[in-house]
Amino acid sequence: MTTAAPRLALNAISRHFGKVSALDGASLTANRGEVHAILGENGAGKSTLMKIAYGLDQPNAGTIEIDGKRAVFRTPREAMALGIGMVQQHFALVDALTVAENVALGGTDTFDLKATATTIRRLSEASGLGLDPGARVSTLSVGAQQRLEIIKALARDAKVLILDEPTAVLSPIEAKHLLDWTRRFADAGGTVLLIAHKLREILSIADHVTVLRRGKTVLTSSARDVTEQMLADAMLGATRATSRTPNQAPARIARGTPTLILTNVATRDELGVTRITDATLSVNSGEIVGIAAIEGAGQRELLRVLAGRLVPAKGTVRLPEGVGFVPEDRHRDAIVLDATLTENLALRGAVDRRGLMPWKTLDGIANALLRIRDVRAVDEHVVMRTLSGGNQQKFVVGRELADSPAALVVENPTRGLDIRATADVHAALRAARDAGTAVVLYSSDLDEVLLLSDRVLVVAAGVVRDVGSDRDIVGLAMLDASH
């Protein structure tokens, strides 16, 4: 009996960017009918390896095989022609177009929006990721844009589906629906390559796991033969810092004076739809206030009012000067990818800056930030694009905390981060709180909100309220927003 060739094999792949080695002989083999998880610290080479598998990048060495036959992908279109689809962590969408137009864009068939809309509805129902084909992308939440990217891949009949942190911005119910669909897709003969950091989630769905560390494959195993501890050890290696764990309970400290104050605030979104009808709240110095809400409940607008980025439709707002803000989509709202790290540092407070730019001073601050926040970059003069997603995020958090702001608003701050980077960001938020900063935290991961917060506020049905910190009670209060 002949054993079928692997659906996808990546053999001894190396990729260098100047002096930086992103991949150093990494290998991975994925078969039909399996979910294959790919793990590693931020910067381990996971996304680079998957971009090579999808034709977004080309290796300096190594080979790719599809069904046992050598393949060379110069473009994603060539990869798609052989049944490979990819949903990247940062989206490739045209904001001015509708959902249907984005799905049709780049297709090989006749540009037929009616047929595309029908396909979207069918795939949305099958996957549980509901989307309105006529909705304009600029009006979609980040979670809805993520769902659109998944639908785009499905619409192109992908047999191998690469998912880069697909559940990072989904609600728990949406994430469960997606993972259930992923399992069904694999059981029907498809192949899923899943980049993720939630070890429990991975072990609940994956058939096999591959761990990369510093560009090398250090572990390949059946998922049933490994534990969360084994995976964490493989990811972090001998330098694992057991004292820095995201499961450490936050210290409770006495709260200080009111710093962020909203009174009877109402907000509207980009379409003029009222999202918050009544928000009266106060955030004190020296505390972390968590915001719990399902996707689209109005927390996006609330956070931007608190950060001074959005003028409310009514009500009064009292904020200190220079509130730090870490938005959930760093590529769109926080950094300039083709600018240097120093230039990205200069974005903080740029509106108020006058006179000549103090570049030498900014270089020194940026260099110190790299060391203090463990941002892995050659120096402060490299462009932001060369950093991994986790290191970009640590840089943004460090930049917003560099001048010890009176208040900090963070939105999904650990989205897509590995264990170590998540622990670093958690530690930074707690340290800011302990130093007297008033911190407002929203995360689509309710457990993260409960873990870090001194108080939790629920945004539901247009109202902000305090229901305590019991997980079940908070969860039920969040669901009120859907009624």
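The values are calculated or read from the model by the stated rules, or taken from the named source; none is laboratory data. Computed from a prediction, not measured in an experiment: that's the story for all the values here. For neighbour counting, all protein chains shown are included, and Cβ atoms are generated from backbone atoms with ideal geometry for every residue, glycine included.
Residues that are modelled with pLDDT of 80 or more and surrounded by fewer than 20 Cβ atoms within 10 Å (Cβ to Cβ) within segment 158-172 comprise just one, 159.
Take residue 427 and decide whether it is in the same structural domain as residue 456 (by TED's automatic domain parsing), closer than 25 Å to residue 196 by Cβ, of a type in the set (A, V, I, L, M, F, W, C) and surrounded by fewer than 17 Cβ atoms within 10 Å (Cβ to Cβ).
Considered against the rule, which asks whether it is in the same structural domain as residue 456 (by TED's automatic domain parsing), closer than 25 Å to residue 196 by Cβ, of a type in the set (A, V, I, L, M, F, W, C) and surrounded by fewer than 17 Cβ atoms within 10 Å (Cβ to Cβ), residue 427 comes out as yes.
Report yes if some residue within segment 200-207 is surrounded by 21 or more Cβ atoms within 10 Å (Cβ to Cβ), assigned by TED's automatic domain parsing to the domain that holds residue 26 and touching a helix residue (DSSP H, G or I) at 6+ places or on another chain (Cβ under 8 Å); otherwise report no.
In the first step, residues of segment 200-207 are kept if they are surrounded by 21 or more Cβ atoms within 10 Å (Cβ to Cβ); the result is 202, 206.
If we keep only those that are assigned by TED's automatic domain parsing to the domain that holds residue 26 as well, we get 202, 206.
If we keep only those that are touching a helix residue (DSSP H, G or I) at 6+ places or on another chain (Cβ under 8 Å) too, we end up with 202, 206.
Scanning segment 200-207, I find at least one residue that is surrounded by 21 or more Cβ atoms within 10 Å (Cβ to Cβ), assigned by TED's automatic domain parsing to the domain that holds residue 26 and touching a helix residue (DSSP H, G or I) at 6+ places or on another chain (Cβ under 8 Å), so the answer is yes.
Which of the residues that make up segment 23-48 are closer than 15 Å to residue 215 by Cα and over 20 Å from the mean Cα position of the chain (by Cα)? Break it down into steps so the answer makes sense when it comes.
Residues of segment 23-48 that are closer than 15 Å to residue 215 by Cα, as a first pass: 23-28, 38-48.
Of everything in segment 23-48, those that are closer than 15 Å to residue 215 by Cα and over 20 Å from the mean Cα position of the chain (by Cα) turn out to be 23, 24, 25, 26, 27, 28.
For residues that are in contact with a strand residue (DSSP E or B) (Cβ under 7 Å, 6 or more places away or on another chain), farther than 21 Å from residue 133 by Cα and in contact (Cβ under 8 Å) with a residue 60 or more places away in the chain, scanning just segment 67-112, find the one that is surrounded by the most Cβ atoms within 10 Å (Cβ to Cβ). Here the answer is 84. For the residues 84, 64, 13, the requirement of being closer than 30 Å to residue 382 by Cα, among the β-branched types (Val, Ile, Thr), at pLDDT 90 or above and in the same structural domain as residue 138 (by TED's automatic domain parsing) singles out 13.
Select, from 439, 409, 463, 458, the only residue that is farther than 16 Å from residue 285 by Cα and under 23 Å from the mean Cα position of the chain (by Cα). Explain how you work it out, then say what you get.
Working: 439 fails: farther than 16 Å from residue 285 by Cα; 409 fails: farther than 16 Å from residue 285 by Cα; 463 fails: under 23 Å from the mean Cα position of the chain (by Cα).
None of the others qualify; the one that does is 458.
Against the numbered list (1) of a type in the set (A, V, I, L, M, F, W, C); (2) under 22 Å from residue 47 (Cα atoms); (3) at pLDDT below 90; (4) surrounded by fewer than 22 Cβ atoms within 10 Å (Cβ to Cβ), residue 383 comes up short only at (3). Looking only at residues in segment 359-380 that are under 11 Å from residue 345 (Cα atoms) and acidic (Asp, Glu), the one that is surrounded by the most Cβ atoms within 10 Å (Cβ to Cβ) is 380. Could we say that residue 51 is under 20 Å from the mean Cα position of the chain (by Cα) and either farther than 30 Å from residue 377 by Cα or modelled with pLDDT of 90 or more (or both) here? It is true that residue 51 is under 20 Å from the mean Cα position of the chain (by Cα) and either farther than 30 Å from residue 377 by Cα or modelled with pLDDT of 90 or more (or both).
Which one is modelled with the lowest pLDDT among residues in segment 304-318 that are over 28 Å from the mean Cα position of the chain (by Cα) and among the aliphatic types (A, V, I, L, M)? Spell out the reasoning first.
Applying the first criterion (over 28 Å from the mean Cα position of the chain (by Cα)) to segment 304-318 yields 313-318.
From what is left, the residues that are among the aliphatic types (A, V, I, L, M) are 313, 317.
On the way: 313: 92, 317: 96.
Among them, the one singled out is 313.
Residues that are among the basic types (Lys, Arg), in the same structural domain as residue 375 (by TED's automatic domain parsing), crowded, with 16+ Cβ neighbours inside 10 Å and closer than 30 Å to residue 383 by Cα do not occur anywhere in segment 253-275. For segment 276-285, the criterion of a residue being assigned to a loop (DSSP other than H, G, I, E, B) and either modelled with pLDDT under 90 or surrounded by fewer than 22 Cβ atoms within 10 Å (Cβ to Cβ) (or both) is satisfied by at least one position.
Here is a yes/no grid of residues against (1) closer than 19 Å to residue 234 by Cβ; (2) of a type outside the set (D, E, K, R):
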position	(1), (2)
4	no, yes
7	no, no
19	no, no
40	yes, yes
47	yes, yes
52	no, yes
63	no, yes
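Go through 160, 94 for me and flag whichever is of a type in the set (A, V, I, L, M, F, W, C) and closer than 22 Å to residue 48 by Cβ. Working first, answer last.
On the way: 94 fails: closer than 22 Å to residue 48 by Cβ.
Of the residues listed, the single one that is of a type in the set (A, V, I, L, M, F, W, C) and closer than 22 Å to residue 48 by Cβ is 160.
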